[in-house]
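Novice: My questions all concern the structure below.
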Amino acid sequence: FLDKSDKYDSRDVERLQQDDKWVENYLIWRHDIVDDTLKMIDESFQWRKEYTVNDLSESVLPKWLFEIGALFLHGYDKEGYKLFWFKVKHHIKDPKQQLDKKKLVAFWLEHYAKRDHGKPLTVVFDMAETGISHIDLDFVRFIVNCFTDYYPNFLTKIVIFEMPWIMNAAFKIVKGWLGPDAISMLKFTNKSDVQEYISGEYLPPHMGGTDSFKYSYPPLVDDDFQTPLCENGPITSEDEHESKEEIDADTKEAGELNEAQNLNQKKMNSVEQISKSEETDKTEVKPKNAKKALTTFKGPLLHISPAEELYFGSKETGEKKCLIVLTNVTKNVVAFKVRTTAPEKYRVKPSNSSCEPGTSLDIIVSLHGGFAASLQDRFLIMAAEMDQSSGAGVPELTQFWKEVPRTKVMEHRLRCHVIESSKPSSLTLKDNAFNIPAKTNEDLHIELTHLLQINKRLEEQLNRCLWFQQLSVVLSLLSVTVAAFCFYLASAQRS
């Protein structure tokens, strides 16, 4: 069905053919039933073309839709999933505005899906101060359809805060649309129990939290890398007067890190053997000083470890440094720079440099002063191939980044994870230079789903084998019976 170019956006067809993870999400969401999966792909692709999802941007939507603040991304739930907020009190039913409002929902979902590689969302319906004028079942049904029919495996739960009793009848209708799987994701809450799902850190005061965040536009809320960012934190007076002793301490620390890496390399032999098959396909020429980690993002220019999260300690644990390992898998020099959403907090060394072909390079990310890491902090690694003739000094790199086309730049984002345990953690740089993260609930869920799928396929294969075995036995008995009957007839004719 993918050949019907007039029915689908060709960009979606191309992505489906190349993105195994997207296909896998459709299968998971439809319980590995192929016919249901194909039906969902067909419906979602038609919808994506109808709503021009791939071309939705701020410029094509009315500015007032962003300014009103009815929809936005902000904060995380207790499992680390991004919160997608629906401030219902800002929504008034108006048929003339309905299509634009639906496109705004699609814009946000597509915006996040592309930026964070489809990591699932937790939806929050904040229904405080709402009444009958805010009920719009057509709009609610569209939102439900986005998650059940158009964006596979993209929903973790729906937290509904303080639903007015007058809306009970309406939500009985909504439950009929959801189906049993999605109904189990509904969490009806109030001020006394909403923190079972979302900590007070990301809840506004009217929900019993301490988050002082106030929505405003522009820029897009939580669009981490939209505004210009400092690569290595602001220059302060204490930075300008950094003493020789501090520089020497950094040099000594880097040396200790290399020693720690060598020791850890020996300890991780068993781990390396497990992941050997994964490592061998990284590059034909194995880098001499490559660091092996359990999680690696394999980009076209650089392999980046860890793949998704940097693990820092809380204020109590005091772990303030992490390591990012870049491995150049091209045959040219690759320029890179690291940007952060919280430049006042972090120091990144080096933050703007280059990596030689077939080698690895360590980047040390450290918290500055008395700052603590936050789940909202992000890092962006930008990389681009340089010509062999280009120099790699500061002036050359500065000029290179001014001239390189945006289409030639590889980007990869890393989140921050804060370890709350008071015990020293093996995931921070102090004890482990490889930043091996603990598996999240999402990872375990995906692995469990894989195992269930594999188990299901094995059962099907076993059933087929048993069926063939039974068929073979029946055919054998039938053959023996026929042969015996023929022998009997032949004997009877002789006699």
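Novice: Exactly one of (1) part of a loop (DSSP other than H, G, I, E, B); (2) open to solvent by less than 80 Å² (accessible area, probe 1.4 Å) is unmet by ILE28. Its number?
Specialist: Just one mismatch for ILE28, condition (1).
Novice: Somewhere in the range 385-397, is a residue surrounded by 18 or more Cβ atoms within 10 Å (Cβ to Cβ), under 20 Å from ILE324 (Cα atoms) and either at pLDDT 85 or above or among the aliphatic types (A, V, I, L, M) (or both)?
Specialist: yes
Novice: Please specify each residue of the range 31-55 satisfying the condition of being over 30 Å from LYS456 (Cα atoms) and among the aromatic types (Phe, Trp, Tyr).
Specialist: TRP47, TYR51
Novice: Next question, about the same structure. Please verify whether LYS78 is open to solvent by 30 Å² or more (accessible area, probe 1.4 Å) and of a type outside the set (Ser, Thr, Tyr), treating the condition exactly as stated.
Specialist: yes
Novice: GLU344 fails exactly one of the following numbered conditions: (1) in a strand (DSSP E or B); (2) surrounded by fewer than 17 Cβ atoms within 10 Å (Cβ to Cβ); (3) of a type in the set (D, E, K, R). What is the number of that condition?
Specialist: For GLU344, the failing item is (1).
Novice: How about the range 43-62: which of its residues are open to solvent by 30 Å² or more (accessible area, probe 1.4 Å), part of a helix (DSSP H, G or I) and at pLDDT 90 or above?
Specialist: The answer is GLU43, GLN46, LYS49, GLU50, ASN54, ASP55.
Novice: Moving to a separate point now. Filter the range 198-220 down to residues that are over 22 Å from HIS111 (Cβ atoms) and of a type in the set (Ser, Thr, Tyr) and give me whichever is modelled with the lowest pLDDT.
Specialist: SER212
Novice: Let me ask something else about it. In the range 164-197, what residues are over 18 Å from GLU129 (Cβ atoms), modelled with pLDDT of 75 or more and open to solvent by less than 50 Å² (accessible area, probe 1.4 Å)?
Specialist: Scanning the range 164-197 gives MET185, LEU186, ASP193.
Novice: Name the residues in the range 70-94 that are touching a residue at least 40 places away in the same chain (Cβ under 8 Å), more than 23 Å from THR156 (Cα to Cα) and part of a loop (DSSP other than H, G, I, E, B), would you?
Specialist: Residues satisfying the conditions are HIS91, ILE92, LYS93.
Novice: Of all residues in the range 96-155 being out of contact with any Asp or Glu (no Cβ under 6 Å at 6 or more places or on another chain), small (Gly, Ala, Ser) and more than 18 Å from LEU56 (Cα to Cα), which is most open to solvent (accessible area, probe 1.4 Å)?
Specialist: Here the answer is SER133.
Novice: Something else about it: Could you list, in sequence order, all residues of the range 23-53 that are in contact with a helix residue (DSSP H, G or I) (Cβ under 6 Å, 6 or more places away or on another chain) and aromatic (Phe, Trp, Tyr)?
Specialist: Selection gives TYR26, PHE45, TRP47, TYR51.
Novice: Mind listing just one residue for me: the one in the range 2-53 that is touching an Asp or Glu at 6+ places or on another chain (Cβ under 6 Å) and free of Cβ contacts under 8 Å to residues at least 60 places away in the same chain and, of those, nearest to LYS101 (Cα to Cα)?
Specialist: VAL53
Novice: Does at least one position in the range 162-170 carry a residue that is in contact with a Lys or Arg (Cβ under 8 Å, 6 or more places away or on another chain), of a type in the set (A, V, I, L, M) and either assigned to a helix (DSSP H, G or I) or assigned by the TED database to the domain that holds GLN98 (or both)?
Specialist: So far as the range 162-170 goes, no, none of its residues is in contact with a Lys or Arg (Cβ under 8 Å, 6 or more places away or on another chain), of a type in the set (A, V, I, L, M) and either assigned to a helix (DSSP H, G or I) or assigned by the TED database to the domain that holds GLN98 (or both).
The values are calculated or read from the model by the stated rules, or taken from the named source; none is laboratory data. In this text, all values refer to a predicted model and were calculated from it rather than measured experimentally. Cβ coordinates were reconstructed from backbone atoms using ideal geometry, including for glycine residues, and neighbour counts include every protein chain displayed. With ligands, DNA and RNA removed, areas are computed over all heavy atoms of the protein, side chains included. Shrake-Rupley method; radii C 1.70, N 1.55, O 1.52, S 1.80 Å.
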